[in-house]
Amino acid sequence: MKQLTTTHLTLREFERTDWQAVYAYETDPQVAPYLAYSSSTPDECQSDLDFLVEHQHDPHRILFHLAIVLRRQKQLIGTCGLKLTNREVHEAELGYALHSSHWGHGYMTEAVRAMVNYGFKTLQLQRIIGICTPENTASIRVMQKISMQQEGHLRANKMIKGVICDSLIFSILEREWKIF
Ligand SMILES: CC(C)(COP(=O)(O)OP(=O)(O)OC[C@H]1O[C@@H](n2cnc3c(N)ncnc32)[C@H](O)[C@@H]1OP(=O)(O)O)[C@@H](O)C(=O)NCCC(=O)NCCS
């Protein structure tokens with residue numbers, strides 16, 4: 001896929017050599033507790049990234065997870081992506097994480113807006129969902145800022161790092177997407 005460019009960011013395909021930056025945000029103590037899965041050793045991180053890079057060329061690709069790079073500093077600071085979850089209804093699930101040293105600048109809202117636009121305009125999606133815990137205020141706010149609506153609250157349905165959590169489900173439909 002082509003890279004996406006926003007005011008401050010480039011969203012591009014991951015490369016094998018990105019693993020150290022990926023390991024830095026996946027093991028960031030402020031980020032890791034919110035991620036259902038994150039690598040726990042450098043070796044695991046490298047092999048996960050190898051899989052992702054190989055998957056980019058799969059004709060039946062379902063993962064569109066991109067690296068978020070600060071345009072000016074050329075620094076990889078996080079990820080934002082879509083996973084195709086239901087081809088019949090053209091649905092994908094949004095996922096994202098940012099190293100905590102870059103929180104609070106509006107970067108993820110910028111990245112998610114570009115990714116959702118790509119999902120609707122290029123991947124021809126009809127429905128994009130996002131799932132987070134009720135305690136994850138920043139993630140909730142990111143989804144609200146791009147006009148996603150909360151459509152569900154599932155109780156004690158998910159295990160994150162050994163803890164059973166509730167899930168809030170947010171969604172936006174193609175016909176509601178008016179930003180670009
Ligand atoms: C969620 C996350 C990606 C947000 O990244 P970010 O670049 O800081 O997000 P933005 O700056 O675009 O927007 C964050 C919004 O949440 C708000 N916010 C952040 N922390 C908050 C808190 N504790 N209470 C209330 N609002 C909060 C910010 O003020 C901002 O809203 P505003 O623009 O209306 O002021 C980042 O916190 C992160 O990586 N968290 C850990 C991983 C994660 O939770 N991933 C999602 C799993 S579902």
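The values are calculated or read from the model by the stated rules, or taken from the named source; none is laboratory data. Nothing here was measured: the structure is a model prediction, and the numbers come from that model. Because the Cβ atoms are built from the backbone with ideal geometry, glycine has one as well, and the counts that use them run over all protein chains shown. Keep in mind that these areas ignore ligands, DNA and RNA; they rest on the heavy atoms of the full protein, side chains included. Shrake-Rupley method; radii C 1.70, N 1.55, O 1.52, S 1.80 Å.
Before moving on, here are some points about what is shown:
- Condition met for TYR25 (in contact (Cβ under 8 Å) with a residue 40 or more places away in the chain and either closer than 22 Å to MET159 by Cα or open to solvent by 50 Å² or more (accessible area, probe 1.4 Å) (or both)): yes
- In this entry, GLN149 passes the filter for residues that are away from the ligand (no atom under 13 Å from the Cβ) and loosely packed, with under 13 Cβ neighbours inside 10 Å.
- Complete set of residues in the range 105-123 that are among the polar types (S, T, N, Q) and either under 15 Å from the mean Cα position of the chain (by Cα) or not in a loop (DSSP other than H, G, I, E, B) (or both): THR109, ASN117
- Restricting the range 67-77 to residues that are open to solvent by less than 30 Å² (accessible area, probe 1.4 Å) and out of contact with any Cys (no Cβ under 6 Å at 6 or more places or on another chain), the residue that is nearest to SER100 (Cα to Cα) is ILE77.
- Residues that are of a type in the set (Val, Ile, Thr) and either more than 19 Å from the chain's Cα centre (by Cα) or farther than 10 Å from ARG16 by Cα (or both), drawn from the range 37-62: THR41, ILE62
- Positions within the range 34-56 being over 18 Å from LEU94 (Cα atoms) and either open to solvent by 30 Å² or more (accessible area, probe 1.4 Å) or of a type in the set (D, E, K, R) (or both), in sequence order: SER40, THR41, PRO42, ASP43, GLU44, GLN46, SER47, ASP48, ASP50, PHE51, GLU54
- Filter result (part of a loop (DSSP other than H, G, I, E, B) and more than 10 Å from the ligand (Cβ to nearest atom)) within the range 61-104: ARG61, ILE62, ARG71, ARG72, GLN73, LYS74, ARG87, GLU88, VAL89, HIS90
- All of ILE128, ILE140 fail the test of being at negative phi and within 13 Å of the ligand (Cβ to nearest atom), apart from ILE140.
Quick grid of which residues meet (1) open to solvent by 20 Å² or more (accessible area, probe 1.4 Å); (2) in a loop (DSSP other than H, G, I, E, B); (3) aliphatic (A, V, I, L, M):
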position	(1), (2), (3)
LEU125	no, yes, yes
GLY130	no, no, no
SER139	no, no, no
LEU168	no, no, yes
ILE172	no, no, yes
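- Any hit, the range 99-118, residues being touching an Asp or Glu at 6+ places or on another chain (Cβ under 6 Å) and either among the hydrophobic types (A, V, I, L, M, F, W, C) or surrounded by fewer than 13 Cβ atoms within 10 Å (Cβ to Cβ) (or both): no
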